[in-house]
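**Student:** This is the structure, below, for whatever I ask next.
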Amino acid sequence: MRKKLRRAEFALLLLLLLPALVVAGAAKNNAVLRLMKAKVIPASTVVFEAAAEAPANGAGWQAALQAADALAAAAEELKPTPRGFAATPWQNDVAAFADAARATRQAVARRDAAALEASNGALYQSCETCHTDYPPRAVSARVSARP
Ligand code: HEC
């Protein structure tokens, strides 16, 4: 009985401590965070929206093309492994992100909505994979966009 109670108490304690542990284990890097906020988040929002509903006109496709270019540029900037981060899987995660950005650009350049939908899944997955490997410091600020 007593033992059971302790186990329950321990489970409760773990539950309470877990969010703190996640934050403590967060992959903090100001340059990466700035890049996420300045480029990756706004550009991916434009792309996710274009994939959800194909742009209605040339201006919309042009905006999506610029966004795809911004993602490719961001992938380029993310290539050097940030200080204090493990090179693996960082390099693989960046490569997957770069590939998805490239596929997105090709789909948008061809104004191919079906291809964009496909590349979008890979793009979203690349965000998720990297954030699982390197959790953002603000747990509440995880990617909220959905493909
Ligand atoms: C190669 C790794 C990597 C990829 C790919 C990546 N991110 Fe991030 N992202 C990070 C890291 C690391 C942080 C946390 C930086 C910090 O907290 O210092 C972060 C933080 C964030 C945050 C939290 C921002 C905040 O205000 O706290 C959001 C939102 C985000 N990324 C969106 C995205 C989206 C959307 C994509 C894909 C289109 C993406 N990220 C792709 C590494 C990545």
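**Student:** What pairs come out if I take residues in the range 130-147 that are over 18 Å from LEU35 (Cβ atoms) and pair them with residues that are more than 6 Å from the ligand (Cβ to nearest atom) and at pLDDT 90 or above whose C-beta lies under 6 Å away, six or more apart or interchain?
**Tutor:** PRO147/ASN120; PRO147/GLY121; PRO147/TYR124
**Student:** Moving to a separate point now. Going by the conditions given, is THR81 hydroxyl-bearing (Ser, Thr, Tyr), modelled with pLDDT of 95 or more and under 15 Å from the mean Cα position of the chain (by Cα)?
**Tutor:** no
Each row is one residue, and each column tells you yes or no for (1) charged (D, E, K, R); (2) surrounded by fewer than 20 Cβ atoms within 10 Å (Cβ to Cβ); (3) on the phi < 0 side of the Ramachandran plot.
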| position | (1), (2), (3) |
| --- | --- |
| LYS37 | yes, yes, yes |
| VAL47 | no, no, yes |
| ALA67 | no, no, yes |
| ALA72 | no, yes, yes |
| PRO80 | no, yes, yes |
| ALA95 | no, yes, yes |
| ALA101 | no, no, yes |
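**Student:** Ok, one more. Which of the numbered conditions does GLU117 fail, given that it passes all the others? Conditions: (1) at positive phi; (2) touching a residue at least 60 places away in the same chain (Cβ under 8 Å).
**Tutor:** Of (1) at positive phi; (2) touching a residue at least 60 places away in the same chain (Cβ under 8 Å), only one is false for GLU117: (1).
**Student:** Looking only at residues in the range 53-65 that are part of a helix (DSSP H, G or I) and touching a residue at least 12 places away in the same chain (Cβ under 8 Å), which one is farthest from MET36 (Cα to Cα)?
**Tutor:** Initial filter on the range 53-65 (part of a helix (DSSP H, G or I)): 58-65.
Filter again for touching a residue at least 12 places away in the same chain (Cβ under 8 Å), leaving 61, 63-65.
Numbers: TRP61: 22, ALA63: 19, ALA64: 18, LEU65: 18 Å.
Looking at residues that are part of a helix (DSSP H, G or I) and touching a residue at least 12 places away in the same chain (Cβ under 8 Å), I get TRP61.
**Student:** Is there a residue being among the charged types (D, E, K, R) and under 17 Å from ALA52 (Cα atoms) anywhere in the range 81-100?
**Tutor:** No, that holds for no residue.
**Student:** Now for a separate question. Would you mind finding the one in ASP93, ASP99 that is charged (D, E, K, R), in a helix (DSSP H, G or I), over 20 Å from LYS37 (Cα atoms) and within 13 Å of the ligand (Cβ to nearest atom)?
**Tutor:** When all the criteria are applied, what remains is ASP99.
**Student:** Residues in the range 129-143: is at least one more than 6 Å from the ligand (Cβ to nearest atom), modelled with pLDDT under 95 and part of a loop (DSSP other than H, G, I, E, B)?
**Tutor:** Scanning the range 129-143 turns up at least one residue that is more than 6 Å from the ligand (Cβ to nearest atom), modelled with pLDDT under 95 and part of a loop (DSSP other than H, G, I, E, B).
**Student:** Given the condition among the aliphatic types (A, V, I, L, M) and within 9 Å of the ligand (Cβ to nearest atom), answer yes or no: does some residue in the range 53-62 qualify?
**Tutor:** no
**Student:** Does ASN120 satisfy the condition of being surrounded by fewer than 16 Cβ atoms within 10 Å (Cβ to Cβ), within 11 Å of the ligand (Cβ to nearest atom) and either of a type in the set (A, V, I, L, M, F, W, C) or in a helix (DSSP H, G or I) (or both)? Don't jump to the end; show me each part of the working.
**Tutor:** Values: surrounded by fewer than 16 Cβ atoms within 10 Å (Cβ to Cβ): no; within 11 Å of the ligand (Cβ to nearest atom): yes; either of a type in the set (A, V, I, L, M, F, W, C) or in a helix (DSSP H, G or I) (or both): yes.
Criteria not met by ASN120.
**Student:** Could you give every pair whose Cβ atoms fall below 6 Å, whose first residue belongs to the range 81-110 and is touching a residue at least 60 places away in the same chain (Cβ under 8 Å), and whose second residue is more than 12 Å from the ligand (Cβ to nearest atom) and of a type in the set (A, V, I, L, M), counting only separations of at least 6 or pairs across chains?
**Tutor:** Sorted first by the residue in the range 81-110, then by its partner, the pairs are VAL108/ALA64; VAL108/LEU65.
**Student:** Taking the conditions exactly as written (on the phi < 0 side of the Ramachandran plot, surrounded by 15 or more Cβ atoms within 10 Å (Cβ to Cβ) and either modelled with pLDDT of 95 or more or touching a Cys at 6+ places or on another chain (Cβ under 7 Å) (or both)), does ALA52 satisfy them or not?
**Tutor:** Against the criterion (on the phi < 0 side of the Ramachandran plot, surrounded by 15 or more Cβ atoms within 10 Å (Cβ to Cβ) and either modelled with pLDDT of 95 or more or touching a Cys at 6+ places or on another chain (Cβ under 7 Å) (or both)), ALA52 does not qualify.
The values are calculated or read from the model by the stated rules, or taken from the named source; none is laboratory data. Every value quoted in this text rests on a predicted model; they were computed, and no experiment measured them. Methodologically, a virtual Cβ is constructed for each residue, glycine included, from the backbone with ideal geometry; neighbour enumeration extends over all protein chains shown.
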